[in-house]
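Every read-out reported here was derived from the displayed coordinates using simple, explicitly stated rules and does not represent laboratory data. As the structure is a prediction and not an experimental result, all values here were calculated from the model. As a convention, Cβ positions derive from the backbone with ideal geometry for all residues, glycine included, and neighbour counts pool all protein chains shown.
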Amino acid sequence: MLKNDKISFTLIGGEKEIGANCYYLNVNGTGIILEAGLHPEKKGIESLPDFEILKNFDTDYALISHSHIDHIGALPYLIQKYPHIKIYTTPQTRDIAEVMLHNSLFLSQKEILDTDPLPYYPREQIDLLIETFNIIKVKESIELEGYHHKSIKPIEISVFDAGHILGSAGFLLKTANHKIFFTGDTCASKQTIMAGADYPNENIDILILECTTATNETTITRKEEIKRFIKAINKIVDNGGSILIPVFALGKLQEMLALLNTLMKKGSIPELDVYTGGLGTEISSIYDLHRYTSKRTNNKIILKNIPQSQLNQENLLSDKYFKVPSIVLASSGMVFENTVSYLLAQRWLKYKNFAIFFVGYLDPKSPGYRILNSNKNDVIKLTASTEEIKIMCDVDYFRFSTHSNREELINLVKILKPKTLILVHGEPEGMKWIQTKVQEKITDIKIIIPELGKEHQITN
Ligand SMILES: [Zn+2]
């Protein structure tokens with residue numbers, strides 16, 4: 001292998017945490033930004049990646065792996081600061097981004113902050129921003145040439161289905177001498193709708209690996225988890241209770257809706273009213289629209305044909321689900337303050353025959369994490385300023401992850417055989433675990449847990 005490529009990696013946001021993802025790759029002078037996310041838990045300017053760091057570098061392109069806000073939410077601000085950057089993503093991510101960015105900016109600008117709120121960003125500008133997206137489909141390749149270094153051979157970019165949510169992508173970047181693979185958020189095994197990720201069928205030199213689930217031990221299979229889920233639902237329904245499932249409106253809601261429908265059709269759980277609404281319903285229609293343009297377990301799943309009752313903001317705290325056994329799929333997944341799941345949870349927690357089932361990632365600082373990590377009869381406060389609540393209902397967690405588990409992450413490293421492994425998008429203990437496990441199995445590998453703003457030279 002020739003050594004004359006000059007590649008460096010710099011972390012712009014999301015240092016040893018899950019949120020505000022943003023990374024900068026310099027490949028022979030061409031600047032490629034991977035992701036531009038907001039931190040879901042932080043507020044105002046604090047929630048953005050540190051875009052100032054990019055002033056030290058040439059910037060040409062931004063590749064966006066998918067539309068979760070911790071990957072795309074800061075894109076309007078990145079482009080405001082560096083308007084010349086060309087954005088590339090999949091067609092599905094573009095369609096979802098339109099909904100997600102409008103919603104995220106609406107929410108963040110509603111917050112009244114004492115210090116450093118996000119600058120005002122007009123709605124029309126989001127539409128213009130989406131217009132500028134360049135589309136690259138899964139299994140396609142394009143060549144990108146730097147504005148500043150046109151004489152150097154272009155970089156070939158290929159897109160792989162990441163199996164995480166609709167439109168999610170992994171990116172393979174090839175120079176004459178090096179192959180870099182960025183996983184994005186990745187899910188190797190299939191879910192109810194998504195069919196599992198595809199990966200390059202060749203050895204990689206540099207692997208940029210997400211580590212969301214690396215902190216959690218993998219002890220149970222999806223099949224076993226579904227069995228436990230069925231049993232838990234039946235127990236609550238037999239006692240006349242209802243179940244609140246806090247979900248992300250993008251990805252988790254669609255997967256849970258399809259799973260519940262499958263279980264009802266099989267007779268594993270009774271035919272209950274399932275409540276959905278708001279942003280999640282808008283995104284479900286984009287899932288339906290793209291059911292033939294994306295890799296799915298079954299193209300026949302049409303979410304809008306699954307019977308659903310409408311979550312109604314006006315009678316949220318008095319609706320039928322408080323009287324008739326039902327399942328409510330409400331965002332946010334982490335039960336953030338003033339969201340539908342937050343308002344419902346405050347009341348739900350007081351009913352002893354009810355249950356709250358968590359099914360996704362919980363930030364340790366989120367109200368959802370606090371609920372899950374408390375015991376029955378504990379008195380908790382969901383946020384510092386709210387009333388104390390005694391936990392009377394059942395609380396459980398089911399691993400229906402949209403991410404590869406940590407064994408699958410290790411397996412991917414073994415298959416792709418990178419010489420350099422860069423760990424991103426994870427908690428410090430999780431990344432340490434991956435580092436130790438990989439080093440046990442592969443001796444000749446350089447592992448980087450990047451520090452914010454530090455330019456890590458990968459090749460010289
Ligand atoms: Zn994601």
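Tabulated results
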{"item": "Among the listed pairs Lys295/Lys414; Lys265/Lys300; Lys55/Lys81; Lys137/Lys414; Lys137/Lys190; Lys417/Lys446, those beyond 18 Å (Cα-Cα)", "result": "Lys295/Lys414; Lys137/Lys414; Lys137/Lys190"}
{"item": "Per-residue Cβ neighbour rank within 10 angstrom, fewest leading, Thr459, Thr297", "result": "Thr297, Thr459"}
{"item": "Sum of side-chain charges, Phe398 neighbourhood, beta-carbon under 14 Å (Lys, Arg +1; Asp, Glu -1)", "result": "+3"}
{"item": "For Gln191, distant residues with modelled amide H under 5 Å away", "result": "Gly196"}
{"item": "Sequence-separation-based contact order of the chain, relative, with Cα cut under 8 Å and 6+ spacing, percent", "result": "18 percent"}
{"item": "Partner aspartates and glutamates for Lys42 [C-alpha distance under 17 Å; skip if fewer than 8 residues away on the same chain]", "result": "Glu15, Glu17, Asp50, Asp70, Glu111, Asp114, Asp116, Glu337, Asp363, Glu427"}
{"item": "For region 390-401, Karplus couplings with θ = phi - 60° (6.51, -1.76, 1.60), whole Hz, Gly/Pro x", "result": "8, 7, 9, 7, 6, 10, 8, 10, 10, 7, 10, 6"}
{"item": "Structure-based [θ]222 nm, the chain - -39500 (n - 2.57) summed over DSSP H runs of at least 4, per residue, nearest 500", "result": "-8000 deg cm²/dmol"}
{"item": "Descending principal axes extents, the chain, alpha-carbon based, whole Å", "result": "70, 47, 41"}
{"item": "Of the DSSP H helices in the chain, those whose Cα atoms cover at least 27 Å axially and whose Kyte score averages 1.0 or more", "result": "none"}
{"item": "Those residues of region 1-45 whose amide nitrogen sits under 16 Å from the label point placed on His84, 7 Å along Cα→Cβ", "result": "27, 29-33"}
{"item": "Sorted by Cβ density within 10 Å, fewest first, the residues Val340, Val237", "result": "Val237, Val340"}
{"item": "Percent RCO, i.e. relative contact order, over region 222-397, from Cα pairs under 8 Å lying at least 6 residues apart", "result": "27 percent"}
{"item": "Cα Rg, Dmax, region 335-445, angstrom units", "result": "18.8, 56"}
{"item": "Summed side-chain charge close to Lys190 - residues other than Lys190 whose Cβ falls under 14 Å, Lys, Arg +1, Asp, Glu -1", "result": "-1"}
{"item": "Antiparallel %, DSSP beta bridges [both residues in the chain], to 5", "result": "50 percent"}
{"item": "Interchain or long-range residues, amide H under 5 Å from Ala62's placed H", "result": "Ile33, Lys86, Ile87, Tyr88"}
{"item": "For Phe182, Phe51, Phe354, Phe322, order by how many other beta-carbon atoms lie within 10 Å, fewest first", "result": "Phe322, Phe51, Phe354, Phe182"}
